[in-house]
Amino acid sequence: MWDFIDFYKDAVAKHPIWSKFNFVYSPTESYEDIGAFFNEVSKQAYKIRFSYIEESQINEWINNGQLYLFQLYNKDYAEGAHGRKNLHTLYWESLFSPENLSSIVLKLNGQAELFYRPQSIKQPVTHKMGSKMLNRRDKSGMPIPEAIYRSLYLYFNSKKTESELTLVEKSYLDQVVVKDVTHEIVKDRRYTKPEFFFHVPITFNVNADGNEYINEQVMEYLKDNPDVNIIGIDRGERHLIYLTLINQRGEILKQKTFNMVGNYNYHAKLEQREQERDQARKSWQSIGKIKELKEGFLSAVIHEIAKMMIENNAIVVLEDLNFGFKRGRFKVERQVYQKFEKMLIDKLNYLSFKDRKPDEAGGILRGYQLAQQFTSFQRLGKQSGFLFYIPAAYTSKIDPVTGFVNHFNFNDITNAEKRKAFFMKMERIEMRNGDIEFEFDYRKYKTYQTDYQNIWTVNSSGKRIVMRLVENGRKQMTDYYPTQEIVRAFKEMGIQLNEGTNIKSLLVDIDASPKNASLYGALFYAFQKTLQMRNSNSTTEEDYILSPVAQNGIQFNTNDEANKGRDTNGNWVSRLPVDADANGAYHIALKGLYLLMNPQTKKIENEKWLQFMVQKPYKN
């Protein structure tokens, strides 16, 4: 092997091109394998230099048809362009900067491609100078429905009278943002002419040590590091993406929805676009694009998350949703999460910010590597650098104060006899402070999961939101009060419940015959709904968590102002999750904290997690 390497060294020195690289080699005897030699050569086999050519020579080649000159162009090079340049522009320019050429970080690769896009709009829509333009969003940032927008556009351009507007359209008149057109504007100008696109691959961080697995280094950095915070990210329907930032004491530092990014309401816009696409399908009209809107949303969110990671020295924790779950939600247009994970990993693989100097930490030439290079979801595992995946179990419907979770398996409790037997196993059923208390031991029941604490007392107070049948067989979300329903059921039996009434003793004397089935049915349903923690009504926009378990006489409720306190600046902040999706993001972050406190953990077992939530060792 050493003879072979010496042959290569000699051949390179004689080669007319290879010799120009001025390779510097290690002693031949130091190579343990041929790959080490090739890697050493590969790192040095890249050189960029400028060759200056007379303008007259270039013009001659152009005139002779030997050379075609193309202008590389994007919006950052437009006349009158201002503000910071796009990251891709900065990458391209940095390739040829003296800083990069003196110590290569960004490497220009071969296999560039040129694409041609023909003109697709033959009759462009233009906004004439002196006409009016309308923002697609109203003054509050909400998107204006397409049909209403078109009607208002005609009205403000004197092609429609106010009397021709509907009442709904008139309601937008004070909310719409109208601008004067000071020069002719062509809508979708880029599609009105043919264009060429130049794609060129670039290698980032070219002198990295080649070790693609950074997970061990990350875990070593995180070990016993009290300055690391945790970002939990939840993905749902009501909130496209919800984020909660906590410290290692479990305290909430920030919680926010990404329905709104900046002043743009992506949730409302995506919802509107879905409705328009659905109507277009039904009427056989052309279907508008939603892909660009989704990618714009993801790009904006990922930038915010990456920035927050750096500013707060934080890891990111997501639910490990299996692939089947993701595919099952493709039919819902707002579910943009298939690309979210990959785009986030790609961003974190070489994270740079355009507002930093190129050679500053986090600049173009000194990007952060916070994740491994993405290969596939199957190979992703439970960690990619500072990005962690945790099992989704018991993160949403769990009480953050007491750690209570509903484990009951009610499937086979289908008649009065079984329902009576169910309540007879309870330790206590009493009326206390005007509500019904149920004390039980999970070990006496059929459950989905082994609990840690086992003995709990739940309270029927408060409102639940349930699905009920109404007229004509329709289903509708309605308010339901377990205490009232239990009191009413006993009253119909001629029994008045009072403070201190021992309801379990009453049930001993009420047999499970058909005539009493309605009582046991009402009591059993009320108990089930007492355990219902998440309550949502899309019509009223209600969405809250209400725990049935009281601590110090208070049940956790995301609507409760008691959850709030003041920060060091005197501002009101929430000490606990503010809504149902915030509750999920908070517990995802807490599972990340569990991993930090138990770095040897390969899998978070449910029972250990429930113990963690009851004992809350992080408070110490």
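Would you mind stating whether residue 487 is among the β-branched types (Val, Ile, Thr), surrounded by fewer than 18 Cβ atoms within 10 Å (Cβ to Cβ) and free of Cβ contacts under 8 Å to residues at least 24 places away in the same chain? No; evaluated as a whole, the condition is false for this residue.
Where helices (runs of 4 or more DSSP H) sit wholly within region 1-94, those with at least 3 residues that are aromatic (Phe, Trp, Tyr) and surrounded by 10 or more Cβ atoms within 10 Å (Cβ to Cβ) occupy 2-14.
Matching residues to (1) under 30 Å from residue 350 (Cβ atoms); (2) part of a loop (DSSP other than H, G, I, E, B); (3) open to solvent by 70 Å² or more (accessible area, probe 1.4 Å):
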{"residue": "139", "(1), (2), (3)": "no, yes, yes"}
{"residue": "149", "(1), (2), (3)": "no, no, no"}
{"residue": "160", "(1), (2), (3)": "no, yes, no"}
{"residue": "169", "(1), (2), (3)": "no, no, no"}
{"residue": "179", "(1), (2), (3)": "no, no, yes"}
{"residue": "183", "(1), (2), (3)": "no, yes, yes"}
{"residue": "205", "(1), (2), (3)": "yes, yes, no"}
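Would you pick out the residues in region 183-200 that are β-branched (Val, Ile, Thr) and at pLDDT 90 or above? Listed by number, the residues that qualify are 192, 200.
List pairs: first residue in region 289-313 and within 18 Å of residue 362 (Cβ to Cβ), second residue hydrophobic (A, V, I, L, M, F, W, C) and part of a helix (DSSP H, G or I) anywhere in the structure, Cβ distance under 6 angstrom, at least six positions apart or on different chains. These pairs meet every condition: 302/343; 302/344.
In region 441-456, the condition of being surrounded by 19 or more Cβ atoms within 10 Å (Cβ to Cβ), touching a residue at least 12 places away in the same chain (Cβ under 8 Å), of a type in the set (A, V, I, L, M, F, W, C) and within 18 Å of residue 549 (Cβ to Cβ) is met by at least one residue. Pairing residues of region 420-434 that are over 15 Å from residue 524 (Cα atoms) and at pLDDT 95 or above with residues that are of a type in the set (A, V, I, L, M, F, W, C) and open to solvent by less than 60 Å² (accessible area, probe 1.4 Å), at Cβ distances under 6 Å and at least 6 apart in sequence or on separate chains, gives 431/497. Residue pairs whose Cβ atoms lie under 6 Å apart, sitting 6 or more positions apart in sequence or on different chains, and linking a residue in region 462-480 that is among the hydroxyl-bearing types (Ser, Thr, Tyr) to a partner that is in a strand (DSSP E or B), are 478/468; 480/464; 480/466.
Taking the conditions exactly as written (of a type outside the set (A, V, I, L, M) and open to solvent by 60 Å² or more (accessible area, probe 1.4 Å)), does residue 102 satisfy them or not? Full working, then the answer.
Values: of a type outside the set (A, V, I, L, M): yes; open to solvent by 60 Å² or more (accessible area, probe 1.4 Å): yes.
Criteria met by residue 102.
Of the residues making up region 504-523, at least one is touching a strand residue (DSSP E or B) at 6+ places or on another chain (Cβ under 6 Å) and either closer than 21 Å to residue 427 by Cβ or at pLDDT 95 or above (or both).
Each row is one residue, and each column tells you yes or no for (1) within 27 Å of residue 256 (Cβ to Cβ); (2) in contact (Cβ under 8 Å) with a residue 12 or more places away in the chain; (3) outside any strand (DSSP E or B); (4) open to solvent by 10 Å² or more (accessible area, probe 1.4 Å).
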{"residue": "526", "(1), (2), (3), (4)": "no, yes, yes, no"}
{"residue": "529", "(1), (2), (3), (4)": "no, yes, yes, yes"}
{"residue": "536", "(1), (2), (3), (4)": "yes, yes, no, yes"}
{"residue": "543", "(1), (2), (3), (4)": "yes, yes, no, yes"}
{"residue": "559", "(1), (2), (3), (4)": "yes, yes, yes, yes"}
{"residue": "562", "(1), (2), (3), (4)": "yes, no, yes, yes"}
{"residue": "578", "(1), (2), (3), (4)": "yes, yes, yes, yes"}
{"residue": "600", "(1), (2), (3), (4)": "no, no, yes, yes"}
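With the requirement that a residue be within 36 Å of the chain's Cα centre (by Cα) and open to solvent by less than 80 Å² (accessible area, probe 1.4 Å), what does region 119-137 give you? Can you show your working first?
From region 119-137, those within 36 Å of the chain's Cα centre (by Cα) are 120-121, 133-137; that's our starting set.
120, 121, 133, 134, 135, 137, listed by residue number.
Considering only residues in region 294-320 that are outside any helix (DSSP H, G or I) and open to solvent by 30 Å² or more (accessible area, probe 1.4 Å), the one that is modelled with the lowest pLDDT turns out to be 320.
Rundown of residues vs (1) open to solvent by less than 10 Å² (accessible area, probe 1.4 Å); (2) over 25 Å from residue 341 (Cα atoms), yes/no style:
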residue	(1), (2)
387	yes, no
412	no, yes
423	yes, yes
429	yes, yes
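Taking region 119-132 only, how many residues are modelled with pLDDT of 90 or more and not in a loop (DSSP other than H, G, I, E, B)? Number of matching residues: 1. Only one of the listed residues (242, 221, 172) is at pLDDT 90 or above and touching a Leu at 6+ places or on another chain (Cβ under 8 Å). That residue is 172. Residue 389 fulfils the conditions (1) outside any loop (DSSP other than H, G, I, E, B); (2) in contact with a helix residue (DSSP H, G or I) (Cβ under 7 Å, 6 or more places away or on another chain); (3) among the aromatic types (Phe, Trp, Tyr) except for a single criterion, (2).
The values are calculated or read from the model by the stated rules, or taken from the named source; none is laboratory data. In this text, all values refer to a predicted model and were calculated from it rather than measured experimentally. Methodologically, a virtual Cβ is constructed for each residue, glycine included, from the backbone with ideal geometry; neighbour enumeration extends over all protein chains shown. Just so you know, the surface numbers come from the protein's heavy atoms only, side chains and all, with ligands and any DNA or RNA stripped out. Shrake-Rupley method; radii C 1.70, N 1.55, O 1.52, S 1.80 Å.
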